[in-house]
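Visitor: Below is one structure. I have some questions about it.
The values are calculated or read from the model by the stated rules, or taken from the named source; none is laboratory data. These numbers come from a predicted model, not from an experiment. Because the Cβ atoms are built from the backbone with ideal geometry, glycine has one as well, and the counts that use them run over all protein chains shown. We work out accessible area using only protein heavy atoms, side chains counted, and drop any ligands, DNA or RNA first. Shrake-Rupley method; radii C 1.70, N 1.55, O 1.52, S 1.80 Å.
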Amino acid sequence: MPSVQPSRRPRGPSRRDPSAETARTIGFVSLGCPKALVDSERIITQLRSEGYQTVPSYAAADLVIVNTCGFIDSAVEESLDAIGEAVKENGRVIVTGCLGAKGEVIRARFPDLLSITGPQDYAGVMKAVHEAAPPVHDPFLDLLPPQGVKLTPRHYAYLKIAEGCNHKCSFCIIPSMRGKLASRPVDAVLVEAEKLVRAGVQELLVISQDTSAYGADLKYAGRTWQGQEYPTRMLDLCRGLGSLRDPAQRRPWVRLHYVYPYPHVDAVIELMAEGLVLPYLDVPFQHASPTVLKRMKRPAAAEDTLRRLAAWRAICPEITVRSTFIVGFPGETEAEFQVLLDWLDQAQLDRVGCFKYSPVEGAAANALGGPIPGALQEERLARFMEKQAGISAAKLKKKLGRTLEVLVDEHTPKGARGRSWADAPEIDGQVLIEGKLKPLVGERVWVKITGADTHDLRGVLSDEGVGNN
């Protein structure tokens, strides 16, 4: 289940006069999951390529674009709040993204919006921008970096390989919003990744709704990249990404998200053991009770996943597995919830997120009945997180004394903060680097681990390097 990221909102009391013959200016609000963030990056890249400028305040903007999330109720409310703020502070607002698929809901509350489009409708957004604020050509403003405009820090970037999903999970409305699986040709993905790495990106985060299904809709069609044939398939994409090198001839980190445990994933784990991609797998298990999984219409059984986890760890002992779960699903009994807690003990996952079930308009689960009271949902969430906290703390404690490669994300008053291969940005833990010597942001350094808690590690810079990982 995607999480809602912090909004990136322009500030200011009012908009400027759009009739001025200067470069058009756009305020941009980006909400939602990493896949929506990539949509925002593509829109901003297109805007910049046509001479538009993005600005951080409502007052400086000719108009405001709000890229919305509409997956769960809290995300819908945040999106509507963001639209309302943009309408109040600027007045000229274009809405796009997942909530845009429910245009009538938005239009009923905000009848004067310039345009409403659904997810990944880049052409629709640009058409609305052109009508509301025609571009002013300026050859200096038209220049773009080859990797496009990114909303992430310079040293990591999300790489979206497909849109949509073919699953019919009862709690999810993503297929109705983003459609069925639509994979990007493998050469297009590899060319984009190549540009990012050349620009200094040290970590590529591969995302889609179902990364394991990548290329199935294209019948795994072969494409040529760097003189070699690559089928449009998850395994071959990973091979291509693993062959990339930055200007200093370092292999970038490649991190896989939203991976369903299909049989062919085992071959990808072998690439992890070889060091071609990070030994990290984000698998959305969602629950462990067979009866709950059946009501969820999930494509995997809990018993199968335990066997797969054991097989993956046999192939690549260093692998980190993270997942997300839902508690309080309609009809969830105490016995079913206990199955989940017992499964956590057996699975020993490294990183875990958990959500209370929230009804989503249009989801099939709404018709199941048997809603779980909010207080009971809270109680089960607390028990779940307490169980996982003990597992996480024990796993991190085993890393004391080891030397890990860490990608530095930011400086702190006491040193720096970064992540190891086991930590995806914004959702996992961190490595706190202590000491007066502060490595550069975006640099990959070796850190000897001296402390651990439930979620994070602490350490000091080390020159022990490769071989101690």
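Visitor: Say the dipole of the stretch 153-238 comes from +1 at the beta carbon of Lys and Arg and -1 at that of Asp and Glu; which of Tyr220, Tyr156, Ala182 then lies farthest toward its positive end?
Guide: Toward the positive end, the furthest listed residue is Ala182.
Visitor: Still on this structure: Please report the orientation-averaged projected area of the stretch 342-387, defined via the convex hull of its C-alpha atoms, in nm².
Guide: About 4.2 nm², averaged over all directions.
Visitor: Counting only the heavy atoms of the protein chains, how much of Ser243 is accessible to a 1.4 Å probe, in Å² to the nearest 10?
Guide: Surface accessible to solvent at Ser243 totals approximately 50 Å².
Visitor: On the Cα set of the stretch 288-366, report Rg and Dmax in Å, please.
Guide: 13.7, 42
Visitor: Could you give the length gained by full extension between Lys399 and Ala367, i.e. 0.36 nm per residue of separation minus their alpha carbon distance, to one decimal place? Display every interim value, and only then the final one.
Guide: Numbers: separation 32, 0.36 × 32 = 11.52 nm, distance 4.60 nm.
Net length gain for the segment: 6.9 nm.
Visitor: Stretch Thr450-Lys414 to full length: gain in nm at 0.36 nm per residue minus the Cα-Cα span? Present the calculation step by step, with values, prior to reporting the outcome.
Guide: On the way: separation 36, 0.36 × 36 = 12.96 nm, distance 1.50 nm.
Extra length available between Thr450 and Lys414 comes to 11.5 nm.
Visitor: In nm, give the distance between the simple-model label positions of Glu426 and Tyr122, each being 7 Å from the Cα along the Cα-to-Cβ direction.
Guide: Here the modelled spin labels are 1.9 nm apart.
Visitor: Report the accessible area of Arg251, computed with a 1.4 Å probe over the heavy atoms of all protein chains in place, in Å² rounded to the nearest 10.
Guide: 80
Visitor: Determine which lysines satisfy two conditions relative to Lys448: a Cα distance under 26 Å, and not lying fewer than 8 residues away in the same chain.
Guide: Answer for Lys448, where 26 Å is the Cα cut-off: Lys395, Lys397, Lys398, Lys399, Lys414, Lys436, Lys438, listed by chain and number.
Visitor: Working only with C-alpha atoms, what are the Rg and Dmax values of the stretch 22-64, expressed in angstrom?
Guide: Considering the stretch 22-64 through its Cα atoms, Rg and Dmax are 10.7, 34 Å.
Visitor: What FRET efficiency comes out for the pair Ala23/Arg198, r = Cβ-Cβ distance, R0 = 35 Å, nearest 0.05? Please report the intermediate quantities before stating the final value.
Guide: Numbers: r = 27 Å, r/R0 = 0.79.
So the FRET efficiency works out to roughly 0.80.
Visitor: Which are the unpartnered cysteines of the chain, meaning those with no other cysteine Cβ under 4.7 Å from their Cβ?
Guide: Cysteines lacking a close Cβ partner in the chain: Cys33, Cys69, Cys98, Cys165, Cys238, Cys316, Cys354.
Visitor: Hey, another quick one. For n ≥ 4 DSSP H runs only, could you compute -39500 (n - 2.57) per run for the chain, divide by its residues and tell me the 222 nm figure to the nearest 500? Spell out each step's value before the answer.
Guide: Values: 12 runs with 147 residues, N = 469.
Result for the chain: -10000 deg cm²/dmol, rounded to the nearest 500.
Visitor: What distance in nm separates the two pseudo spin-label positions at Arg107 and Asp81, each 7 Å out from Cα along the beta-carbon direction?
Guide: For the pair Arg107/Asp81, the computed spacing is 2.7 nm.
Visitor: Follow-up. Under a no-solvent Debye model with one identical scatterer per Cα of the stretch 27-97, what's log10 I(q)/I(0) at q = 0.14, 0.16, 0.19, 0.21 Å⁻¹?
Guide: -0.41, -0.53, -0.74, -0.88
Visitor: Calculate what fraction, in whole %, of the accessible area of the stretch 290-427 sits on carbon and sulfur atoms when a 1.4 Å probe is rolled over the protein chains.
Guide: Working: 3540 of 6030 Å².
Roughly 59 percent, rounded to a whole number.
Visitor: Quick one: what do you get for the stretch 39-148 if you divide its Cα Rg by 2.2 N^0.38 Å? Write out the running numbers ahead of the final one.
Guide: Details: Rg = 13.9 Å, N = 110, 2.2 N^0.38 = 13.1 Å.
Scaled against compact globular proteins, the figure is 1.06.
Visitor: Based on Cα coordinates alone, diagonalise the gyration tensor for the chain, multiply each eigenvalue by 5, take square roots, and list the semi-axes in whole Å, largest first. Numbers along the way, then the final one.
Guide: Working: eigenvalues 248, 170, 102 Å².
Three semi-axes, in Å: 35, 29, 23.
Visitor: So, one more: Find the Rg to Rh ratio for the stretch 376-469, where Rh is the Kirkwood radius over alpha-carbon pairs and Rg uses the same atoms. Mind dumping the intermediate values first?
Guide: Numbers: Rg = 14.6 Å, Rh = 13.9 Å.
Over the Cα atoms of the stretch 376-469, Rg/Rh equals 1.05.
Visitor: Okay, which of the stretch 275-318 sit inside 17 Å, backbone N to the point 7 Å along the Cα-Cβ direction of Asn166?
Guide: Under cut-off, by backbone N: 298-300.
Visitor: Quick check: with the 1.4 Å probe, what order do Arg419, Arg184 take by accessible area, largest first? Intermediate results must be reported in sequence, preceding the final value.
Guide: Numbers: Arg419 5, Arg184 50 Å².
My answer, sorted largest first, is Arg184, Arg419.
Visitor: Here's another thing I want to ask about it. Mean separation of Cα pairs under 8 Å and 6+ residues apart, divided by the residue count of the chain: what relative contact order is that in percent? Before the final figure, lay out each step's value.
Guide: On the way: 979 pairs, mean separation 44.6, N = 469.
Normalised by residue count, the contact order of the chain is 10 percent.
Visitor: Here's a follow-up. Roll a 1.4 Å probe over the protein chains and send me the accessible area per residue for the stretch 227-346 in Å².
Guide: Per-residue accessible area for the stretch 227-346 comes out at 37 Å².
Visitor: Rank these residues by their accessible area, most exposed first, probe 1.4 Å: Cys172, Cys98.
Guide: Working: Cys172 35, Cys98 15 Å².
Result of the area sort, largest leading: Cys172, Cys98.
Visitor: How far apart, in nanometres, would the label points at Ala389 and Arg245 be if each is projected 7 angstrom from Cα along the Cα-to-Cβ direction?
Guide: For the pair Ala389/Arg245, the computed spacing is 4.7 nm.
Visitor: Provide the solvent-accessible area of Cys69, counting protein heavy atoms only and rolling a 1.4 Å probe, rounded to the nearest 10 Å².
Guide: Per-residue accessible area (Cys69): approximately 20 Å².
Visitor: At a 1.4 Å probe radius, which order do Glu163, Glu41 fall into by accessible area, largest first? Could you put the intermediate results ahead of the total?
Guide: Numbers: Glu163 25, Glu41 5 Å².
Descending order: Glu163, Glu41.
Visitor: Based on the alpha-carbon gyration tensor of the stretch 302-412, what equivalent-ellipsoid semi-axes (square roots of 5 times the eigenvalues) come out, in whole Å, largest first?
Guide: Values: eigenvalues 192, 62, 40 Å².
Each semi-axis is the square root of five times an eigenvalue, giving 31, 18, 14 Å.
Visitor: Could you tell me the relative contact order of the stretch 141-270? Use alpha-carbon pairs under 8 Å, at least six residues apart, and round to a whole percent.
Guide: Numbers: 212 pairs, mean separation 33.8, N = 130.
Rounded, it is 26 percent for the stretch 141-270.
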